[in-house]
Amino acid sequence: MITLVRGFKDILPAETALWQHLEDVARQLFDDFGFAELRIPVLEQTELFARSIGADTDIVEKEMYTFADRSGASLTMRPEATASVVRAYIEHKLYAKDPVWKLYTIGPMFRRERPQKGRYRQFYQINAEVFGLEDPRADAELILLLMTLMGRLELSGIMLHINSLGCAACRPHFKEALRSFLTESTAELCSDCLRRREKNPLRIFDCKVPACKEAMLDAPSILDHLCDQCRSHFETVQASLERFQIPYQTNHRLVRGLDYYTRTAFEVLAEALGAQDAVAGGGRYDSLVKALGGPDQPGIGFAIGVDRLIELLAHQRQGLEKRPHLFIAALGTGAQDRAFGWLQELRMQNVRTEMDFADRSLKAQMRRANKLGAPYVLIVGDRELEEGSAELRNMSTKEQEKVRLQDLVEVVVNKTRN
RNA sequence: GUGGGUGUAGCUCAGUCGGUAGAGCACCGGGUUGUGGCCUCGGCGGUCGAGGGUUCAAGUCCCUUCACUCACCCCA
């Protein structure tokens, strides 16, 4: 048997109704907030990700699906979407038409990590990106959009964490402060964190090794080291969230694994998810567009982990599946033939109609109608055909009425519309 | 990449001391010659993850391997 590639999965019909529901709600919401859809490819030149995500992040170092195509060019299955969206913004000179763009995109991402609950090698994200707005209300608007989506999906048990990572002016000072705080801790830190201390000391906040956590207990907070502009920016973001009664926690330990983030960073965490508890994450990336060769335009965005969100919504699955409006139980070849005709005719009227092509016993066909959950069953055999009628059975009341064949489509359409 | 757990019917799982492979659900059919759910009876369905070893005999013991899964790492 040929099986799935490790870490990949099929999404079976029992689940796709929920996926469609989620996407419908998201698209409607983006529409309400003035976001337009952008569709981007799954393959990009490897260099795009190396330059945007950061060459020595885990993603770029060891998690990308990278291969040489026949021309020898190095291509990569996208591990995230922001880089591609930024590339498209720059490549098509969208900024020239209007510097401000609010875009969203939905699709699969690929990372070659060890699979576990909530982590797949092909996983799905809903991404939102805003370009050209430096105002902190843009940060708030985006978080508001995200939390509104969670609300519309009737999701509970989630918590919004926010932080500010500072900017090119103040973050270097904080990194230095953190390094000097940790100079005495060489014995306590794990090997990863010793490396991080040199390269990117902020990441030590993410470490779950108990000794490292302890060493970081009294670590300085970046929120105490922000420059005036960053502090005022962050305060406005918080004030906006409060204005719209969005519950949140500031979390000065929230860093984020991608190099391009500046200022506002945020995550939505869900307790029910276990170890992979981030449902969504994002932040501001004011220097990314320029770094990738575009104009000096600020950006901010987030990604929602759709697989994880679906996990949280799994209990909503029942009630979403589509059931036929009508099942036609036809007895004998004559009735089967007529039924086949009505099947198509009714479907043209948007009546979900099913029948059994096997011409089995009425009992078997009734069983199937019941299993499919059809509220009405049309019973027709030679007896009915002769008198030009059929029996229409209401499955919940068990009442049956005779319907003249020439009125059949009209009657059924009316019944099933209510 | 590193650990732990689990692999038996389509699904959920039993399987004792090593002695002929089981249940429930699902599916198909009978009980009702043309009426669903409940009940009842029957049927279909197995490379016991794979390979090797020990043994008269292996689902069961040993070795190897693969897959799934959870966790570390990292992230959505």
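Before moving on, here are some points about what is shown:
- Taking the range A:313-398 and the strands (runs of 3 or more DSSP E) fully enclosed by it, the elements with 2 or more residues that are within 8 Å of RNA strand B (Cβ to nearest atom) are at A:376-380, A:389-394.
- Of the candidates A:333, A:397, A:353, the single residue that is touching a His at 6+ places or on another chain (Cβ under 8 Å) and of a type in the set (Val, Ile, Thr) is A:353.
- All positions within the range A:267-300 that are more than 10 Å from RNA strand B (Cβ to nearest atom) and part of a strand (DSSP E or B): A:284, A:299, A:300
- Number of positions in the range A:399-409 that are more than 9 Å from RNA strand B (Cβ to nearest atom) and part of a strand (DSSP E or B): 4
- Residue list for the range A:355-375, restricted to those being in contact with a helix residue (DSSP H, G or I) (Cβ under 6 Å, 6 or more places away or on another chain) and surrounded by 17 or more Cβ atoms within 10 Å (Cβ to Cβ): A:355, A:356
- Tabulated pairs, the range A:387-402, first within 12 Å of residue A:369 (Cβ to Cβ), second among the small types (Gly, Ala, Ser), C-beta under 8 angstrom, 6+ apart or interchain: A:395/A:369; A:395/A:374
- Output for the range A:165-193, where each listed residue is surrounded by 15 or more Cβ atoms within 10 Å (Cβ to Cβ), of a type in the set (A, V, I, L, M, F, W, C) and either within 12 Å of RNA strand B (Cβ to nearest atom) or more than 31 Å from the chain's Cα centre (by Cα) (or both): A:170, A:174, A:177, A:178, A:181, A:182, A:189, A:190, A:193
- Taking the range A:195-212 as the range and being surrounded by 15 or more Cβ atoms within 10 Å (Cβ to Cβ) and part of a helix (DSSP H, G or I) as the test, the residues that pass are A:196, A:197, A:201, A:202, A:203, A:204, A:205, A:206, A:212.
- Restricting A:76, A:148 to those that are hydroxyl-bearing (Ser, Thr, Tyr), away from RNA strand B (no atom under 13 Å from the Cβ), farther than 22 Å from residue A:288 by Cβ and assigned by TED's automatic domain parsing to the domain that holds residue A:273 reduces the list to A:148.
- Within the range A:8-59, the only residue that satisfies the criterion of being without any contact (Cβ under 8 Å) to a residue 24 or more places away in the chain, among the β-branched types (Val, Ile, Thr) and more than 16 Å from RNA strand B (Cβ to nearest atom) is A:16.
- Residues (in a helix (DSSP H, G or I) and more than 23 Å from the chain's Cα centre (by Cα)) located in the range A:43-69: A:46, A:47, A:50, A:51, A:61, A:62
- A single member of A:137, A:171, A:121, A:179 is touching a strand residue (DSSP E or B) at 6+ places or on another chain (Cβ under 9 Å) and farther than 29 Å from residue A:10 by Cα, and it is A:171.
- Exactly one residue out of A:289, A:279, A:268 is in contact (Cβ under 8 Å) with a residue 12 or more places away in the chain and closer than 23 Å to residue A:168 by Cβ, and it is A:289.
- In the range A:85-131, the qualifying residues are those that are more than 9 Å from RNA strand B (Cβ to nearest atom) and among the hydroxyl-bearing types (Ser, Thr, Tyr), and the one that is farthest from residue A:306 (Cα to Cα) is A:95.
- Subset of the range A:282-297 (residues that are surrounded by fewer than 22 Cβ atoms within 10 Å (Cβ to Cβ), under 17 Å from residue A:165 (Cβ atoms) and of a type outside the set (A, V, I, L, M, F, W, C)): A:286, A:287
- Residue, surrounded by the most Cβ atoms within 10 Å (Cβ to Cβ), within the range A:19-66, restricted to residues that are of a type in the set (Gly, Ala, Ser) and within 21 Å of residue A:260 (Cβ to Cβ): A:52
- The residue that is farthest from the chain's Cα centre (by Cα), counting only those in the range A:222-240 that are farther than 18 Å from residue A:286 by Cβ and surrounded by fewer than 16 Cβ atoms within 10 Å (Cβ to Cβ), is A:224.
The values are calculated or read from the model by the stated rules, or taken from the named source; none is laboratory data. Given the structure is predicted, the values throughout are model-derived calculations rather than measurements. Cβ coordinates were reconstructed from backbone atoms using ideal geometry, including for glycine residues, and neighbour counts include every protein chain displayed.
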